[in-house]
Every structure is written in C-alpha cells, then in structure tokens.
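Trainee: Can you keep this structure in mind? I'll have questions shortly.
The values are calculated or read from the model by the stated rules, or taken from the named source; none is laboratory data. The shown structure was predicted, so the numbers you read here are calculated from the model rather than taken from an experiment. Don't worry about glycine lacking a Cβ; one is built from the backbone with ideal geometry, like all the others, and counts go over all protein chains shown.
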Amino acid sequence: MGGHDAGSQHQFTGIAKYFNAYTITGRRNCVLLTYASLLGIGLFFKLKPKKQAAVAEKS
Amino acid sequence: LVLTLVLSFFDQFLSPTFLGIPLIAVALALPWVMFPALPSQWLPNRQLLLQSWFINRFTQQLLLPLNTGGHKWALLFASLMLFLITLNMLGLLPYTFTPTTQLSLNLGLAVPLWLATVIIGLRNQTTVALGHLLPEGTPTPLIPVLVIIETISLFIRPLALGVRLTANLTAGHLLIQLIATAAFVLLPLMPAVAALTAVLLLLLTLLEVAVAMIQAYVFVLLLSLYLQENI
C-alpha cells in the first residue's frame with residue numbers, strides 16, 4: 001500500500017514533468033499547488049477591501 | 001407497583017466520582033492489576049503462560065506488515081491493546097463503569113497517536129507523505145477535488161477512531177440495559193415474552209463480548225496501518 005512509484009515508465013515533458021498524478025514528486029507538487037491555491041484564494045477574499053463607493057453615493 | 005432507581009438510561013455512562021475524587025482514575029488503573037509481571041521462570045503457570053502467549057502472538061501478527069522502524073511501536077501497541085480489551089471486557093460485568101464509553105478518553109488516545117504517525121511521516125519522508133494525499137493516476141480535472149477530499153479524510157481519522165470505539169461500546173451497553181429492563185418489566189405480565197427477551201439478552205451479551213474484543217483490536221490495527229503509511 002505504501003509502495004513508492006518509480007515513475008520510470010512515464011516520460012513527461014513540459015509542465016507535466018512537475019505536476020502529474022503518477023510520480024511521487026508530481027503528486028506532491030500537485031498537493032502543494034492545491035494547498036497554495038486554496039491559501040491564495042482565502043487570503044484574496046480576506047484582504048479584499050470592502051466596497052465603500054455605494055455607501056458614499058447614497059449619503 | 002414497581003419502583004425502580006433507574007432515572008435515565010444514560011446514568012450508567014456518568015463518570016463516577018466519590019467525595020470529589022474521580023473514580024475513573026481507579027477504573028483506568030484496574031487493567032494493570034489483571035496482568036501480573038512474569039517471574040524469572042521460563043514456564044510459570046497456566047494463566048501467565050496463556051497471557052504471554054497471547055501478547056507475543058498478537059504483537060508478532062501486528063508487526064508483520066511494519067518495517068524495522070515501526071517495530072519501535074511494539075510495546076505501545078501491545079500495551080494499548082491489552083488496556084482497551086481489558087477495559088471493554090470488564091465493562092460487561094453488571095454495574096461496572098466502562099471508561100471507554102467516554103469520548104474524552106478515546107479521543108485522548110486517538111488524537112495524539114494519530115498525530116504522532118502524521119508527524120513522523122512528514123518529518124522522515126515529506127515527499128511520500130504529501131504525495132499520498134493524491135491517489136496515483138487521478139484524471140487531471142479531478143486533482144484539486146481529490147486533494148481536498150484526501151485531506152479531509154486524513155483529518156477525520158482521529159475523530160473516527162475515537163467515535164467508533166465510543167459509539168460501539170455505548171450502543172452495546174445501552175442495548176443491554178434496555179433489553180434487560182424490558183425482560184424484567186415483562187416478567188409479571190407476559191412470562192413467555194420475558195423468556196424470549198432473556199434469550200435475546202443472552203445473545204446480545206455474547207455479541208457484546210465479541211464487539212469488546214474486536215473494537216479494541218480495530219483501534220490498534222488502524223493505528224498500525226496509519227503508521228505503516230508513514231514510517
């Protein structure tokens with residue numbers, strides 16, 4: 001179950017060399033990319049300035 | 001007119017205290033007296049022989065799929081198994097409090113041990129540990145979804161470990177009390193039905209003996225599996 005995939009039969013080129021679902025480093029990079037993306041999206045919405053323009057127009 | 005002291009069916013799960021002293025501490029120390037230390041003789045007596053045979057066989061079987069690094073956990077797994085199986089079995093005696101019905105105890109065992117396996121995996125083989133969060137051969141569009149799902153399933157493991165043990169034992173004890181009460185209440189009214197209920201109670205008690213042993217084993221087995229992934 002915990003076997004390490006050598007990934008020798010897969011020859012990836014380009015971005016797939018780093019982000020693929022077959023080699024262990026590829027899988028690791030995909031996981032890290034997903035975590036970084038989620039963190040990025042979370043930070044974006046947290047730090048986004050609240051809209052003040054509509055309130056200023058009404059008053 | 002039947003007077004009964006049972007106010008609620010959940011009273012059996014109240015952690016007992018006496019003059020402010022939590023008796024659960026005594027209950028948790030009880031398994032220790034059930035397993036006397038082995039004397040220096042190679043062949044002591046029947047009980048000790050049976051006990052040491054069981055411990056050795058169990059540890060050997062549990063450690064089979066683990067590599068050498070995992071063998072450091074042998075003592076922990078063996079003692080945890082003995083602890084849980086003794087607590088569960090003793091709890092089947094009438095009017096005995098079962099500490100493993102307390103979620104606090106089971107989570108207190110599950111969370112640190114699970115966390116230890118995760119930290120060991122992340123420290124010693126970071127890439128492999130992180131890579132396991134994405135199943136091999138996942139189609140590309142599904143990758144983010146599966147990473148999230150696998151992360152959730154990783155964090156749900158300690159909860160599942162603790163709640164599984166708690167729920168199984170609590171449900172069993174509750175059922176025993178309910179059916180025993182039913183048999184007792186039915187006895188003056190419908191003796192035949194009460195007899196059938198008593199038979200059901202006997203079968204249920206046998207089931208609970210099996211559940212007590214199996215749940216202790218499953219707890220330790222799953223921990224060893226989590227360790228296998230990370231060591």
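Trainee: If B:Thr170 passes every condition in (1) within 10 Å of chain A (Cβ to nearest Cβ); (2) assigned to a helix (DSSP H, G or I) but one, which one does it miss?
Mentor: So B:Thr170 meets the others, but not (1).
Yes/no per residue for (1) assigned to a helix (DSSP H, G or I); (2) away from chain A (no Cβ under 14 Å); (3) β-branched (Val, Ile, Thr); (4) touching a residue at least 60 places away in the same chain (Cβ under 8 Å):
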| residue | (1), (2), (3), (4) |
| --- | --- |
| B:Leu49 | yes, yes, no, no |
| B:Trp53 | yes, yes, no, no |
| B:Pro65 | no, no, no, yes |
| B:Gly69 | yes, no, no, yes |
| B:Thr127 | yes, no, yes, no |
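Trainee: While we're here: Checking the condition within 14 Å of another protein chain (Cβ to nearest Cβ), among the small types (Gly, Ala, Ser) and buried (at least 17 other Cβ atoms within 10 Å of the Cβ), which residue from B:Gly137, B:Gly131, B:Gly91 passes?
Mentor: B:Gly131
Trainee: Right, next: Is it the case that some residue within region B:194-211 is more than 18 Å from the chain's Cα centre (by Cα), at pLDDT below 95 and of a type in the set (S, T, N, Q)?
Mentor: no
Trainee: Okay, next question. Which number in (1) under 16 Å from the mean Cα position of the chain (by Cα); (2) within 9 Å of chain B (Cβ to nearest Cβ); (3) at pLDDT 90 or above marks the one condition that A:Gly42 misses?
Mentor: So the condition that A:Gly42 fails would be (2).
Trainee: Residue pairs, Cβ under 7 Å, 6 or more apart or interchain, first in region B:8-27 and polar (S, T, N, Q) and outside any loop (DSSP other than H, G, I, E, B), second at pLDDT 90 or above and surrounded by 10 or more Cβ atoms within 10 Å (Cβ to Cβ). List them.
Mentor: B:Gln12/B:His173; B:Gln12/B:Gln177; B:Thr17/B:Leu23
Trainee: Also, I was wondering about something else. Could you tell me which residue of region B:163-180 is surrounded by the most Cβ atoms within 10 Å (Cβ to Cβ), considering only residues that are under 9 Å from the mean Cα position of the chain (by Cα) and closer than 12 Å to B:Val209 by Cα?
Mentor: Going through the qualifying residues, I end up with B:Leu169.
Trainee: Looking at A:Ala36, A:Ala21, which one is assigned to a helix (DSSP H, G or I), within 13 Å of another protein chain (Cβ to nearest Cβ) and modelled with pLDDT of 90 or more?
Mentor: A:Ala36 is the lone residue from the list that is assigned to a helix (DSSP H, G or I), within 13 Å of another protein chain (Cβ to nearest Cβ) and modelled with pLDDT of 90 or more.
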